[in-house]
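A quick write-up on the structure given underneath.
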Amino acid sequence: MSEAQRIITPRGHQDGIILAKLDEVLSLARSHSQWYLQFGLACCAIEMMATAASRYDLDRFGAMPRATPRQADLIFVSGTVTLKMAEKIKVLWEQMPAPKYAIAMGSCAISGGPYSRHGYSVLKGVDLIIPVDVYVPGCPPRPEALLEGLVLLAEKVKKEKLLSQKFSKKRGGAEK
Amino acid sequence: MNPKKLYELLKKRFGEAVISVDVENSIPPKYVIQPDKVHEISEFLKNTGDLEYDQLMCLTGQDLGNELSVVLNLFSTKHYSSITLEAKVAREHPELDSVSDLYATANWHEREAYDMLGVVFKGHPNMKRILLPDDWEGYPLRKDYKPADAWHGMPISKELSHKHN
């Protein structure tokens, strides 16, 4: 039984009425509609572009590039994060509306990569400035690896219960 | 022009300012010159017939340990010939004339040399860092460079980054 069928297998669906948990439907929809920020940093960005282009077609997972952080759910940090650029990434991240996600693509974004020891101008991992959901290793990762990263993120998003969190007294409100 | 001949020509015109020529160990031949005459010699090489070194292929800085040096690679599109000029400057007070009014290429290259090694080019229209942030401390390609612990609150060294996490 597919994910959609499991959620929308109703207790009764006569007269076009479907009963389902709003939280699960919402998260299912969100997980298949991850609009990412059209933003690239280094050689990983070339690979990200290849992933988005026709051969690998990122679009079939519901991921579309948005040219403004205001419309983006997701940011691929695709490449070397220099300290100078890190400040700009932080601004872009803060401009994105929650719930929002980050994928660190490639060795540089994960840990500084080849610049981790002597790279005086490179941030040693983008997770020092923004919270990262999925790490995709590689130098650069192949498009298939990036696609798997996106699918892993979709799995994570599917499990989220944003509404329950928002209205439960314990959590106080959804952060992401 | 034959490198030895050119050396004699330069020596005759600029005297002490032209220190030596290296033909054996350097391709193209390398002329070591005084830093305060870089502009004049470049102008001469550019505007004299039979020479016409009209293109600056690269301008870069070096840290030689005791002193810094600036290297210019000139090329003549007319005579298909290239030469190298090297000017050594003191570590404590690295200053020489900008050639950016002769070669537009020099503008960004001189800014890079300033950014990485702290060589100041007098007469440059916009002498500031080109790659690193304006408030960066130190010159990273100097052999004795030690990076700061952090920049704008972000850790720089790997060890500190691990602690940060």
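The values are calculated or read from the model by the stated rules, or taken from the named source; none is laboratory data. Please read all numbers here as calculations on a predicted model, not as lab measurements. When we count neighbours, we look across all protein chains shown, and the Cβ atoms used for this are built from the backbone with ideal geometry, even at glycine. Note: accessible area is taken over every heavy atom of the protein model, side chains too, but ligands, DNA and RNA are not part of it. Shrake-Rupley method; radii C 1.70, N 1.55, O 1.52, S 1.80 Å.
Any residue at all in region A:66-82 that is open to solvent by less than 20 Å² (accessible area, probe 1.4 Å) and part of a helix (DSSP H, G or I)? Walk me through it before giving the result.
Restricting attention to region A:66-82, the residues satisfying the condition of being open to solvent by less than 20 Å² (accessible area, probe 1.4 Å) are A:69, A:72, A:74-79, A:81.
Pick out the ones that are also part of a helix (DSSP H, G or I) and you get A:69.
Yes, region A:66-82 contains at least one residue that is open to solvent by less than 20 Å² (accessible area, probe 1.4 Å) and part of a helix (DSSP H, G or I).
For region B:116-131, what are the residues that are open to solvent by less than 30 Å² (accessible area, probe 1.4 Å), assigned to a loop (DSSP other than H, G, I, E, B) and within 12 Å of chain A (Cβ to nearest Cβ)?
B:Arg129
Would you mention how many residues in region A:53-65 are surrounded by fewer than 21 Cβ atoms within 10 Å (Cβ to Cβ) and in contact with a helix residue (DSSP H, G or I) (Cβ under 7 Å, 6 or more places away or on another chain)? Write out each step before concluding.
Within region A:53-65, the subset surrounded by fewer than 21 Cβ atoms within 10 Å (Cβ to Cβ) is A:53-57, A:59-62, A:64-65.
Filter once more, keeping what is in contact with a helix residue (DSSP H, G or I) (Cβ under 7 Å, 6 or more places away or on another chain): A:56, A:61, A:65.
Looking only at that region, the number is 3.
For region A:102-114, state whether one or more residues are in contact (Cβ under 8 Å) with a residue 60 or more places away in the chain, more than 13 Å from chain B (Cβ to nearest Cβ) and part of a loop (DSSP other than H, G, I, E, B).
Checked region A:102-114: no residue is in contact (Cβ under 8 Å) with a residue 60 or more places away in the chain, more than 13 Å from chain B (Cβ to nearest Cβ) and part of a loop (DSSP other than H, G, I, E, B).
Looking only at residues in region A:83-101 that are within 14 Å of chain B (Cβ to nearest Cβ) and open to solvent by less than 10 Å² (accessible area, probe 1.4 Å), which one is farthest from A:Glu160 (Cα to Cα)?
Out of the qualifying residues, it is A:Leu83.
I'm trying to understand the selection: among the residues of region A:51-80, which are of a type in the set (Gly, Ala, Ser) and in contact with a strand residue (DSSP E or B) (Cβ under 6 Å, 6 or more places away or on another chain)?
Across region A:51-80, the qualifying residues are A:Ala63, A:Ala72, A:Ser78.
Quick one: B:Ser161 ticks every box in (1) polar (S, T, N, Q); (2) open to solvent by less than 20 Å² (accessible area, probe 1.4 Å); (3) touching a residue at least 12 places away in the same chain (Cβ under 8 Å) bar one, so which box is it?
(3)
Output the residues belonging to region B:135-145 that are out of contact with any Phe, Trp or Tyr (no Cβ under 9 Å at 6 or more places or on another chain) and either facing another protein chain (nearest Cβ under 10 Å) or in contact (Cβ under 8 Å) with a residue 40 or more places away in the chain (or both).
Scanning region B:135-145 gives B:Leu141, B:Arg142, B:Lys143.
Return the residue satisfying two criteria in turn: it lies in region A:124-137 and is within 14 Å of chain B (Cβ to nearest Cβ) and out of contact with any strand residue (DSSP E or B) (no Cβ under 6 Å at 6 or more places or on another chain), and of such residues it is most open to solvent (accessible area, probe 1.4 Å).
If we take residues in region A:124-137 being within 14 Å of chain B (Cβ to nearest Cβ) and out of contact with any strand residue (DSSP E or B) (no Cβ under 6 Å at 6 or more places or on another chain), then A:Pro131 is most open to solvent (accessible area, probe 1.4 Å).
Yes/no per residue for (1) within 20 Å of B:Ile41 (Cα to Cα); (2) assigned to a helix (DSSP H, G or I); (3) within 14 Å of chain A (Cβ to nearest Cβ):
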site: B:Val89; (1), (2), (3): yes, no, no
site: B:His93; (1), (2), (3): no, no, no
site: B:Ala104; (1), (2), (3): yes, no, no
site: B:Glu110; (1), (2), (3): yes, yes, no
site: B:Tyr114; (1), (2), (3): no, yes, no
site: B:Pro133; (1), (2), (3): no, no, yes
site: B:Ala148; (1), (2), (3): no, no, yes
site: B:Glu159; (1), (2), (3): no, yes, yes
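Exactly one of (1) crowded, with 19+ Cβ neighbours inside 10 Å; (2) within 14 Å of chain B (Cβ to nearest Cβ); (3) in a loop (DSSP other than H, G, I, E, B) is unmet by A:Pro140. Its number?
(2)
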